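The values are calculated or read from the model by the stated rules, or taken from the named source; none is laboratory data. Computed from a prediction, not measured in an experiment: that's the story for all the values here. All Cβ positions, even for glycine, are placed from backbone atoms using ideal geometry, and neighbour counts span all protein chains on display. For accessibility, only protein heavy atoms count, side chains too; no ligands or nucleic acids. Shrake-Rupley method; radii C 1.70, N 1.55, O 1.52, S 1.80 Å.
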Amino acid sequence: PLGADVRRYAPATEPKSDDIFRVVSVGEVGIQKGTYYLVEAFRKLAIPNSELLMVGSVRSSIQAYLKGQPDNVKTAGTIRYPLLQKAYHSASVVVTPSIQDGFSQVVLQAMASGIPVVVSANTGACEAITQGVNGLVVQARDIDALAGAIELLYRDPELRKRMGENAREAAVKYTWNQYGTAVESTLLEISQRGGYRP
């Protein structure tokens, strides 16, 4: 697993500035990242006073589809820290519904920020999730399962709070120092066995 800067990405020190139930997605906005399934799940729920905010560059292949969406489905383009930290703090849940993805750092960044996450089983970062404890894992391309996970967190603020706290606890185990130690340990183990032989 990759690491995350868990000192930079940390829980908010003040409550959210609004009462919007905000679903945030961070990463490229496109087919591979599961954008279509996320938008359809969000629209299916029709949660009052809600917003879907997608942060990242928008692929040309999905622009026409996004133009037909309601006003509470928004894109923010690519943003970096500290604005990215503000986006996490504005979130009620961060969703990464990728069709295929490596170990997405944004999942760890959201978790380190104390935000519960919903990820697809095709996202490498699902390895960091303990189902129902610090996040939720659903099957990729499953609109109903994705909508169900988001709705669960919408309807249970206490679960959302608890899951966010657990997410932070889990994320601090994935620092870059620990990543370096794990890589070093693996390389030493290989070398002690006589090195790599293809």
State the three equivalent ellipsoid semi-axes of the range 83-198, derived from the C-alpha gyration tensor as the square roots of 5 times its eigenvalues, in descending order and whole Å. 31, 17, 12
The range 142-161-the range 57-75 distance, computed between alpha-carbon centres (Å): 23 Å
Let's test the formula: R0 of 30 Å, r as the Cβ-Cβ distance of residue 32 and residue 155. What FRET efficiency results, to the nearest 0.05? 0.50
Cβ-Cβ FRET estimate between residue 80 and residue 185, R0 fixed at 22 Å, reported to 0.05: 0.10
Excluding residue 143 itself, what net charge comes from residues whose Cβ is under 11 Å from its Cβ, given Lys and Arg +1 and Asp and Glu -1? 0
Environment charge at residue 59 (Cβ cut-off 10 Å; Lys +1, Arg +1, Asp -1, Glu -1): 0
Roughly how many percent of the accessible protein surface of the range 1-97 is carbon and sulfur, given a 1.4 Å probe and a whole-percent answer? 50 percent
Most positive-pole-ward Cα, 147, 163, 187, against dipole of the range 131-198 from beta carbon charges: 187
Spin-label point model (7 Å from Cα, Cβ direction): what's the residue 46 to residue 144 distance in nm? 1.9 nm
Any idea what angle helix 157-171 forms with the longest principal axis of the chain, computed on alpha-carbon atoms, 0 to 90 degrees, nearest 10? 20 degrees
Put +1 on the Cβ of each Lys and Arg and -1 on the Cβ of each Asp and Glu in the range 1-129; which of 58, 104, 34 then has its Cα farthest toward the positive end of the dipole? 58
If you take Cα extents along the principal axes in Å from the coordinates, which of [x] 121, 18, 16; [y] 56, 33, 32; [z] 60, 38, 29 do you get? [z]
Given 158-164, 78-84, 45-51, 108-114, the highest-first ranking by average Cβ count within 10 Å works out to 108-114, 158-164, 45-51, 78-84
